[in-house]
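This report concerns only the one structure given below.
The values are calculated or read from the model by the stated rules, or taken from the named source; none is laboratory data. Fair warning: this is a prediction, and the values are worked out from it, not measured in the lab. Glycine also receives a Cβ, built like all others from the backbone with ideal geometry; neighbour counts cover every protein chain displayed. Keep in mind that these areas ignore ligands, DNA and RNA; they rest on the heavy atoms of the full protein, side chains included. Shrake-Rupley method; radii C 1.70, N 1.55, O 1.52, S 1.80 Å.
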Amino acid sequence: MTAAQPMTIERFIIEQEQRHPDATGALSQILYDLAFAGKIIAREVRKAGLVDILGGTGSVNVQGELVQKLDEYANTTIFKAMDHTGRLCIMGSEEVADPIEIPERYPTGPYVLLFDPLDGSSNIDYNVSIGTIFSIHRKISPGPRGDITDILQTGNLQVAAGYILYGSSTMMVYSTGNGVHGFTLDPSIGEFLLSHPNIHMPEASRYYSVNESYYTRWTPAIRKLVDHLKGTYGKPSAARSARYIGSLVADFHRNLIGGGIFLYPADVREPGKPKAKLRLLYEAAPLAFLAEAAGGRAIDGERRILDVVPTQLHQRTALFVGNCDDVALVERFIAAER
Ligand code: AHM
Ligand code: MG
(Lines give C-alpha, C1' and ligand atoms only; values in the text may rest on other atoms or scores of the structure.)
(Ligands and ions follow the chains in the order given, each with its own letter.)
Protein backbone atom coordinates (compact mmCIF):
# COMPACT_ATOMS: atom_id res chain seq x y z
CA MET A 1 0.00 0.00 0.00
CA THR A 2 1.40 3.42 -0.89
CA ALA A 3 0.94 6.29 1.51
CA ALA A 4 -1.11 9.25 0.31
CA GLN A 5 0.86 12.29 -0.84
CA PRO A 6 1.08 14.50 2.25
CA MET A 7 -0.33 18.01 1.77
CA THR A 8 1.27 20.67 3.94
CA ILE A 9 -0.86 23.56 5.12
CA GLU A 10 1.36 25.92 3.15
CA ARG A 11 0.76 24.10 -0.11
CA PHE A 12 -2.95 23.79 0.62
CA ILE A 13 -3.30 27.51 1.32
CA ILE A 14 -1.37 28.39 -1.85
CA GLU A 15 -3.46 26.02 -3.97
CA GLN A 16 -6.67 27.50 -2.54
CA GLU A 17 -5.40 31.00 -3.31
CA GLN A 18 -4.64 30.07 -6.91
CA ARG A 19 -8.38 29.47 -7.40
CA HIS A 20 -8.86 33.22 -6.95
CA PRO A 21 -6.84 34.95 -9.66
CA ASP A 22 -7.49 38.38 -8.10
CA ALA A 23 -6.14 37.33 -4.66
CA THR A 24 -3.16 39.38 -3.43
CA GLY A 25 -1.84 36.60 -1.21
CA ALA A 26 -2.26 38.68 1.97
CA LEU A 27 -4.99 36.46 3.44
CA SER A 28 -2.99 33.33 2.66
CA GLN A 29 0.02 34.80 4.42
CA ILE A 30 -2.05 35.67 7.49
CA LEU A 31 -3.28 32.07 7.68
CA TYR A 32 0.22 30.77 7.29
CA ASP A 33 1.53 33.17 9.95
CA LEU A 34 -1.22 31.93 12.29
CA ALA A 35 -0.15 28.35 11.67
CA PHE A 36 3.42 29.38 12.49
CA ALA A 37 2.33 31.14 15.71
CA GLY A 38 0.29 28.03 16.57
CA LYS A 39 3.41 25.85 16.29
CA ILE A 40 5.31 28.11 18.68
CA ILE A 41 2.41 28.14 21.16
CA ALA A 42 2.05 24.35 20.84
CA ARG A 43 5.73 23.94 21.68
CA GLU A 44 5.29 26.02 24.82
CA VAL A 45 2.06 24.22 25.79
CA ARG A 46 3.87 20.87 25.49
CA LYS A 47 6.59 22.10 27.86
CA ALA A 48 4.12 23.56 30.34
CA GLY A 49 4.66 21.12 33.17
CA LEU A 50 8.41 20.93 32.63
CA VAL A 51 9.66 24.47 32.82
CA ASP A 52 7.37 25.89 35.45
CA ILE A 53 5.85 28.16 32.86
CA LEU A 54 2.59 27.99 34.76
CA GLY A 55 3.92 30.38 37.37
CA GLY A 56 2.46 33.86 37.45
CA THR A 57 3.85 36.64 35.28
CA GLY A 58 7.01 38.01 36.79
CA SER A 59 7.94 34.75 38.53
CA VAL A 60 11.22 33.01 37.80
CA ASN A 61 11.44 29.49 36.39
CA VAL A 62 13.94 26.77 37.28
CA GLN A 63 16.45 28.12 34.76
CA GLY A 64 16.28 31.51 36.44
CA GLU A 65 14.39 32.95 33.45
CA LEU A 66 11.47 35.28 33.79
CA VAL A 67 8.32 33.33 32.87
CA GLN A 68 5.02 34.44 31.44
CA LYS A 69 1.66 32.81 31.90
CA LEU A 70 0.84 30.73 28.86
CA ASP A 71 -2.09 32.89 27.83
CA GLU A 72 0.06 36.01 27.86
CA TYR A 73 2.79 34.14 26.02
CA ALA A 74 0.27 33.07 23.35
CA ASN A 75 -1.00 36.63 23.04
CA THR A 76 2.49 38.05 22.54
CA THR A 77 3.42 35.28 20.11
CA ILE A 78 0.45 36.00 17.84
CA PHE A 79 0.97 39.76 18.05
CA LYS A 80 4.65 39.45 17.15
CA ALA A 81 3.95 37.05 14.29
CA MET A 82 1.56 39.62 12.82
CA ASP A 83 2.47 43.19 13.77
CA HIS A 84 5.23 43.83 11.20
CA THR A 85 3.82 41.97 8.18
CA GLY A 86 1.93 44.84 6.54
CA ARG A 87 -1.14 42.65 6.12
CA LEU A 88 -3.23 43.86 9.05
CA CYS A 89 -4.62 47.27 9.93
CA ILE A 90 -5.66 46.50 13.51
CA MET A 91 -6.06 43.56 15.90
CA GLY A 92 -8.23 42.70 18.89
CA SER A 93 -7.46 40.10 21.55
CA GLU A 94 -9.25 38.68 24.55
CA GLU A 95 -6.11 39.46 26.54
CA VAL A 96 -6.04 43.17 25.69
CA ALA A 97 -8.71 45.66 26.78
CA ASP A 98 -8.48 48.01 23.79
CA PRO A 99 -7.99 47.44 20.06
CA ILE A 100 -4.34 46.69 19.28
CA GLU A 101 -2.88 49.15 16.82
CA ILE A 102 -0.13 48.22 14.40
CA PRO A 103 3.05 49.97 15.61
CA GLU A 104 3.72 53.20 13.68
CA ARG A 105 7.07 51.90 12.38
CA TYR A 106 5.33 49.11 10.42
CA PRO A 107 3.10 49.30 7.35
CA THR A 108 -0.57 48.36 7.59
CA GLY A 109 -2.65 46.12 5.33
CA PRO A 110 -6.17 45.28 4.22
CA TYR A 111 -7.25 42.84 6.97
CA VAL A 112 -8.37 42.80 10.62
CA LEU A 113 -7.48 40.00 13.06
CA LEU A 114 -9.47 39.18 16.20
CA PHE A 115 -8.26 36.38 18.40
CA ASP A 116 -8.53 34.57 21.68
CA PRO A 117 -4.88 33.55 22.14
CA LEU A 118 -5.46 30.68 24.58
CA ASP A 119 -9.05 29.83 25.29
CA GLY A 120 -10.04 27.45 28.06
CA SER A 121 -7.32 28.80 30.30
CA SER A 122 -8.92 27.30 33.42
CA ASN A 123 -7.76 23.97 31.97
CA ILE A 124 -4.10 24.91 31.56
CA ASP A 125 -3.06 23.76 35.01
CA TYR A 126 -4.64 20.31 34.50
CA ASN A 127 -3.10 19.21 31.21
CA VAL A 128 -6.48 19.42 29.45
CA SER A 129 -6.95 20.58 25.85
CA ILE A 130 -6.95 24.32 25.16
CA GLY A 131 -7.10 26.32 21.95
CA THR A 132 -6.49 29.52 19.99
CA ILE A 133 -9.46 31.00 18.10
CA PHE A 134 -9.18 33.54 15.26
CA SER A 135 -11.46 35.63 13.08
CA ILE A 136 -10.42 37.66 10.03
CA HIS A 137 -12.30 40.55 8.46
CA ARG A 138 -11.54 43.00 5.66
CA LYS A 139 -10.62 46.54 6.61
CA ILE A 140 -13.62 48.84 6.10
CA SER A 141 -12.45 52.11 7.67
CA PRO A 142 -11.27 54.85 5.29
CA GLY A 143 -7.95 55.86 6.90
CA PRO A 144 -4.59 54.15 6.39
CA ARG A 145 -4.68 52.50 9.85
CA GLY A 146 -7.62 50.55 11.23
CA ASP A 147 -10.09 51.71 13.84
CA ILE A 148 -12.93 50.35 15.97
CA THR A 149 -15.30 50.14 12.98
CA ASP A 150 -13.01 47.50 11.51
CA ILE A 151 -13.33 45.50 14.71
CA LEU A 152 -17.09 45.86 15.21
CA GLN A 153 -18.18 43.97 12.08
CA THR A 154 -20.91 41.34 11.99
CA GLY A 155 -19.76 37.75 11.79
CA ASN A 156 -21.22 37.19 8.34
CA LEU A 157 -18.55 39.58 6.98
CA GLN A 158 -15.71 37.32 8.15
CA VAL A 159 -13.42 36.28 5.31
CA ALA A 160 -11.83 33.49 7.33
CA ALA A 161 -12.01 31.94 10.77
CA GLY A 162 -10.52 29.01 12.57
CA TYR A 163 -8.81 27.58 15.60
CA ILE A 164 -5.73 25.74 16.73
CA LEU A 165 -6.44 22.95 19.19
CA TYR A 166 -3.68 21.91 21.57
CA GLY A 167 -4.99 18.44 22.35
CA SER A 168 -3.56 14.94 22.19
CA SER A 169 -2.21 16.28 18.92
CA THR A 170 -2.14 19.87 17.71
CA MET A 171 -4.63 20.68 14.97
CA MET A 172 -5.42 23.76 12.95
CA VAL A 173 -8.93 23.95 11.52
CA TYR A 174 -9.96 26.85 9.30
CA SER A 175 -12.36 28.00 6.65
CA THR A 176 -12.36 30.83 4.16
CA GLY A 177 -16.04 30.07 3.52
CA ASN A 178 -15.16 27.36 1.03
CA GLY A 179 -15.23 24.21 3.16
CA VAL A 180 -13.74 23.56 6.57
CA HIS A 181 -10.33 21.91 6.56
CA GLY A 182 -8.31 20.38 9.38
CA PHE A 183 -4.53 19.94 9.59
CA THR A 184 -2.65 17.91 12.18
CA LEU A 185 0.81 18.93 13.30
CA ASP A 186 3.43 16.28 12.69
CA PRO A 187 5.90 17.23 15.42
CA SER A 188 8.69 15.19 13.86
CA ILE A 189 8.82 17.47 10.81
CA GLY A 190 7.17 20.56 12.31
CA GLU A 191 4.49 20.74 9.61
CA PHE A 192 0.72 20.89 9.70
CA LEU A 193 -0.50 18.19 7.30
CA LEU A 194 -3.99 18.00 5.80
CA SER A 195 -5.78 15.32 7.83
CA HIS A 196 -9.45 16.37 7.70
CA PRO A 197 -10.38 17.81 4.29
CA ASN A 198 -13.91 19.18 3.80
CA ILE A 199 -15.25 18.58 7.29
CA HIS A 200 -19.03 18.18 7.47
CA MET A 201 -20.87 17.92 10.75
CA PRO A 202 -22.49 14.47 10.80
CA GLU A 203 -26.28 14.56 10.45
CA ALA A 204 -26.73 12.41 13.56
CA SER A 205 -26.15 14.13 16.87
CA ARG A 206 -24.28 12.08 19.46
CA TYR A 207 -23.30 14.59 22.12
CA TYR A 208 -24.51 17.54 24.11
CA SER A 209 -21.98 19.76 25.83
CA VAL A 210 -23.03 22.12 28.58
CA ASN A 211 -21.92 23.02 32.09
CA GLU A 212 -24.90 21.54 33.89
CA SER A 213 -23.89 22.92 37.25
CA TYR A 214 -25.53 26.17 36.03
CA TYR A 215 -28.94 24.48 35.63
CA THR A 216 -30.68 26.70 38.18
CA ARG A 217 -29.40 29.82 36.36
CA TRP A 218 -31.26 29.07 33.11
CA THR A 219 -34.75 29.85 31.81
CA PRO A 220 -37.32 27.03 32.16
CA ALA A 221 -37.08 26.49 28.38
CA ILE A 222 -33.33 25.81 28.52
CA ARG A 223 -33.77 23.54 31.54
CA LYS A 224 -36.39 21.52 29.64
CA LEU A 225 -34.14 21.41 26.59
CA VAL A 226 -31.25 19.99 28.62
CA ASP A 227 -33.63 17.52 30.32
CA HIS A 228 -34.70 16.47 26.83
CA LEU A 229 -31.08 16.01 25.72
CA LYS A 230 -30.55 13.86 28.82
CA GLY A 231 -33.66 11.82 28.09
CA THR A 232 -35.47 12.79 31.31
CA TYR A 233 -38.05 15.02 29.55
CA GLY A 234 -39.92 13.65 26.55
CA LYS A 235 -38.59 10.56 24.87
CA PRO A 236 -35.80 8.71 26.71
CA SER A 237 -34.61 7.62 23.26
CA ALA A 238 -33.70 11.27 22.52
CA ALA A 239 -30.92 11.04 25.10
CA ARG A 240 -27.38 11.90 23.97
CA SER A 241 -24.06 11.37 25.64
CA ALA A 242 -22.87 14.25 27.78
CA ARG A 243 -19.36 15.54 27.05
CA TYR A 244 -18.09 18.77 28.56
CA ILE A 245 -14.43 19.65 28.61
CA GLY A 246 -14.80 23.30 29.54
CA SER A 247 -12.56 24.34 26.64
CA LEU A 248 -14.71 25.79 23.91
CA VAL A 249 -12.38 24.78 21.07
CA ALA A 250 -12.16 21.18 22.28
CA ASP A 251 -15.91 20.89 22.91
CA PHE A 252 -16.69 22.45 19.52
CA HIS A 253 -14.14 20.26 17.74
CA ARG A 254 -15.61 17.06 19.16
CA ASN A 255 -19.10 18.04 18.03
CA LEU A 256 -17.82 19.16 14.63
CA ILE A 257 -16.28 15.76 13.98
CA GLY A 258 -18.62 13.52 15.99
CA GLY A 259 -21.94 15.41 15.76
CA GLY A 260 -23.64 17.23 18.59
CA ILE A 261 -24.44 20.54 20.17
CA PHE A 262 -22.56 22.89 22.47
CA LEU A 263 -24.64 25.16 24.71
CA TYR A 264 -23.62 28.08 26.87
CA PRO A 265 -26.96 29.69 27.78
CA ALA A 266 -27.34 33.02 29.54
CA ASP A 267 -27.61 33.27 33.30
CA VAL A 268 -31.06 34.78 33.95
CA ARG A 269 -31.10 34.90 37.74
CA GLU A 270 -31.20 38.69 37.81
CA PRO A 271 -34.54 39.72 36.29
CA GLY A 272 -34.17 41.72 33.08
CA LYS A 273 -30.37 41.37 33.10
CA PRO A 274 -29.33 38.15 31.39
CA LYS A 275 -25.59 37.53 31.64
CA ALA A 276 -23.65 35.58 29.06
CA LYS A 277 -20.05 34.39 29.32
CA LEU A 278 -18.62 33.73 25.90
CA ARG A 279 -17.29 36.55 23.73
CA LEU A 280 -18.99 37.31 20.46
CA LEU A 281 -16.16 38.55 18.27
CA TYR A 282 -13.35 36.09 18.89
CA GLU A 283 -15.15 33.04 20.36
CA ALA A 284 -18.75 32.71 19.14
CA ALA A 285 -18.54 34.36 15.69
CA PRO A 286 -15.54 32.43 14.33
CA LEU A 287 -16.96 29.12 15.55
CA ALA A 288 -20.35 30.05 14.07
CA PHE A 289 -18.60 30.74 10.75
CA LEU A 290 -16.96 27.31 10.87
CA ALA A 291 -20.18 25.59 11.97
CA GLU A 292 -22.13 27.04 9.05
CA ALA A 293 -19.36 26.24 6.59
CA ALA A 294 -19.51 22.64 7.86
CA GLY A 295 -23.30 22.38 7.47
CA GLY A 296 -24.26 23.30 11.05
CA ARG A 297 -25.76 26.36 12.71
CA ALA A 298 -25.12 28.77 15.59
CA ILE A 299 -27.59 31.05 17.41
CA ASP A 300 -27.68 33.13 20.57
CA GLY A 301 -31.19 31.88 21.39
CA GLU A 302 -32.95 34.46 19.24
CA ARG A 303 -30.68 35.33 16.35
CA ARG A 304 -28.12 33.77 14.09
CA ILE A 305 -24.75 34.53 15.71
CA LEU A 306 -23.38 35.73 12.37
CA ASP A 307 -26.12 38.42 12.19
CA VAL A 308 -25.47 39.94 15.62
CA VAL A 309 -24.22 43.51 15.25
CA PRO A 310 -21.42 44.03 17.77
CA THR A 311 -21.16 47.23 19.79
CA GLN A 312 -18.12 46.34 21.92
CA LEU A 313 -14.86 44.49 21.38
CA HIS A 314 -15.39 42.21 24.37
CA GLN A 315 -19.15 41.80 23.98
CA ARG A 316 -20.58 38.60 25.43
CA THR A 317 -23.24 36.32 24.01
CA ALA A 318 -25.16 33.15 24.75
CA LEU A 319 -24.19 30.40 22.30
CA PHE A 320 -25.90 27.32 20.91
CA VAL A 321 -23.81 25.76 18.14
CA GLY A 322 -23.92 22.39 16.43
CA ASN A 323 -25.99 20.24 14.12
CA CYS A 324 -28.85 22.01 12.32
CA ASP A 325 -31.47 19.70 13.86
CA ASP A 326 -30.15 20.35 17.34
CA VAL A 327 -30.16 24.12 16.90
CA ALA A 328 -33.74 23.84 15.56
CA LEU A 329 -34.58 21.89 18.73
CA VAL A 330 -33.21 24.78 20.83
CA GLU A 331 -35.42 27.17 18.86
CA ARG A 332 -38.49 24.97 19.42
CA PHE A 333 -37.98 24.82 23.18
CA ILE A 334 -37.43 28.58 23.38
CA ALA A 335 -40.47 29.32 21.16
CA ALA A 336 -42.68 27.03 23.25
CA GLU A 337 -41.98 29.15 26.32
CA ARG A 338 -42.95 32.45 24.71
P1 AHM B 1 -11.83 31.85 28.94
O2 AHM B 1 -11.86 32.72 27.72
O3 AHM B 1 -11.63 32.65 30.21
O4 AHM B 1 -10.89 30.70 28.83
O5 AHM B 1 -13.32 31.29 29.13
C6 AHM B 1 -13.92 30.66 28.03
C7 AHM B 1 -14.14 29.22 28.38
C8 AHM B 1 -14.53 28.38 27.20
O9 AHM B 1 -13.42 27.77 26.62
C10 AHM B 1 -15.44 27.35 27.80
O11 AHM B 1 -16.39 26.93 26.86
C12 AHM B 1 -16.07 28.08 28.94
O13 AHM B 1 -15.23 29.16 29.25
C14 AHM B 1 -16.19 27.24 30.15
O15 AHM B 1 -16.82 27.97 31.14
P16 AHM B 1 -17.36 27.31 32.49
O17 AHM B 1 -16.15 27.02 33.31
O18 AHM B 1 -18.23 28.39 33.08
O19 AHM B 1 -18.14 26.10 32.13
MG1 MG C 1 -11.67 32.77 25.82
How long are the three semi-axes of the equivalent ellipsoid for region 142-278, computed from the Cα gyration tensor as the root of 5 times each eigenvalue, in whole Å, largest first?
31, 24, 13
Any chance you could give the angle, 0 to 90 degrees and rounded to 10, that helix 70-82 forms with the longest Cα principal axis of the chain?
50 degrees
Ranked by GNM mean-square fluctuation in the chain (Cα springs under 10 Å), the top entry among R46, R223, R297 is R46
Hey, what's region 9-196 come to in accessible area per residue, 1.4 Å probe, Å²?
44 Å²
Can you compute the radius of gyration and Dmax for region 9-196, using only the Cα atoms, both in Å?
16.7, 52
Quotient of Cα radius of gyration and Kirkwood radius for region 207-336, i.e. Rg/Rh, equals 0.93
Rounded to a whole number, what % of the accessible area of the chain do carbon and sulfur atoms account for, probe 1.4 Å?
51 percent
Counting Lys and Arg as +1 and Asp and Glu as -1 over every other residue whose Cβ sits under 12 Å from the Cβ of R11, the net charge comes to -4
Top mean-square fluctuation among K69, K139, K235, Gaussian network model of the chain, C-alpha springs under 10 Å?
K235
Run the dipole for region 207-336 about the Cα centre, Lys and Arg Cβ at +1, Asp and Glu Cβ at -1, nothing else charged, and hand back the magnitude in debye, nearest 20.
300 debye
Give me the 1.4 Å probe accessible area per residue for region 207-336, excluding ligands and nucleic acids, in Å².
41 Å²
Given an 8 Å cut-off on Cα distances and at least 6 residues of separation, report the relative contact order of the chain as a percent.
15 percent
Label-point separation in nm, T149 to D325, each point 7 Å along Cα→Cβ
4.5 nm
Cα-Cα over 32 Å: which of K139/K277; K80/K273; K224/K277; K47/K80; K80/K277?
K80/K273
Relative contact order (%) - criterion: Cα under 8 Å, at least six apart; region: region 192-264
47 percent
Can you give the calculated 222 nm mean residue ellipticity of the chain, where each DSSP H run of n ≥ 4 adds -39,500 (n - 2.57) and the sum is split over every residue, rounded to the nearest 500 deg cm²/dmol?
-8500 deg cm²/dmol
What percent do you get for the relative contact order of region 284-338 when only Cα pairs under 8 Å and 6+ apart count?
37 percent
Taking only Cα atoms of the chain, radius of gyration then Dmax in Å
20.1, 64
Assigned charges on the beta-carbon of Lys, Arg, Asp, Glu; the chain dipole about Cα centre (debye):
880 debye
Which whole number in µm²/s is D for region 177-250 by Stokes-Einstein, with the Kirkwood Rh taken over Cα pairs at 4 °C and 1.567 mPa s?
85 µm²/s
